Amino acid sequence: MMRDSDDVASGVGGADEPDVPACLPVKEDAAMPDDAPSTRSANPPTPERRRPTPGTPRGYLDAVPTTVMLDRLPVAILAVHRNGTIVYTNPAFEELLGYAGLVDRFITPLVPGCINAAAAVDRLRGAHGAIVELRHAEGRKIEILVGASAFLRADDPVVLIAMHDVTEQLWSHGTIADTDAYRQPRTDARGHGD
């Protein structure tokens, strides 16, 4: 009885197998397409190619790349450089505003009423706890509750903020016309934001 490997080596294939010339070596661990006929009777499972699991839960969390984690969050996330260039948006942000491919574009068209990119970045940086209008791809305005930037220092080159759409809530409560008070960032007696 001839083994499958003998068929490959001799260049003779069965009815379901393509002819493989004897002069071409067949790597035992070569990946085959799922629909290709197998030249081996049993393929060993391919080991998963991941980094080893860290020894602690915190180590596991530290090993996950930041953008992978941000991409998986259901909350809209935006990162903007201080010059107004969008550095990062997660899928939730793109879905919220109806845009794709915003990275490396300027933020100005998304923030109505800002005359330049610096003003748009300043508005977002200082809007912690406030409602800001952003422009959807279809042209309508969306009311967004802005979180504090993950980068806290004034000299940080990037603003990274989470956003929550409150447009529907404001409409349902009949307060969307009264949102001007909410659009102003909250400050204490010394003029510092929350």
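The numbers here are math on the coordinates, done by the rules we state, and not lab data. Note that this is a predicted model, so its numbers are computed, not measured. Neighbour counts run over all protein chains shown; Cβ positions are idealised from the backbone, glycine included.
If you bin all the Cα-Cα distances of the range 66-183 at 5 Å, starting from zero, the percentages per bin are 2, 12, 22, 27, 21, 10, 4, 1. Each residue of the range 130-144 is assigned a 3J(HN,Hα), and the resulting list reads 10, 9, 10, 8, 10, 9, 6, 4, 7, x, 6, 8, 10, 8, 10 Hz, derived from the Karplus form 6.51 cos²θ - 1.76 cosθ + 1.60 (θ = phi - 60°), x at Gly and Pro.
Protection proxy ranking, highest mean first, for peptides 56-64, 79-87, 112-120: 79-87, 112-120, 56-64, where packing is the per-residue count of other beta-carbon atoms within 10 Å, averaged. In order along the range 71-79, phi translates into HN-Hα couplings of 4, 8, 5, x, 9, 5, 10, 9, 10 Hz, rounded to whole numbers, per the Karplus curve 6.51 cos²θ - 1.76 cosθ + 1.60 with θ = phi - 60° and x for Gly and Pro.
Extension gain, residue 172 to residue 73: 0.36 nm times the residue separation minus the Cα-Cα distance gives 33.0 nm.
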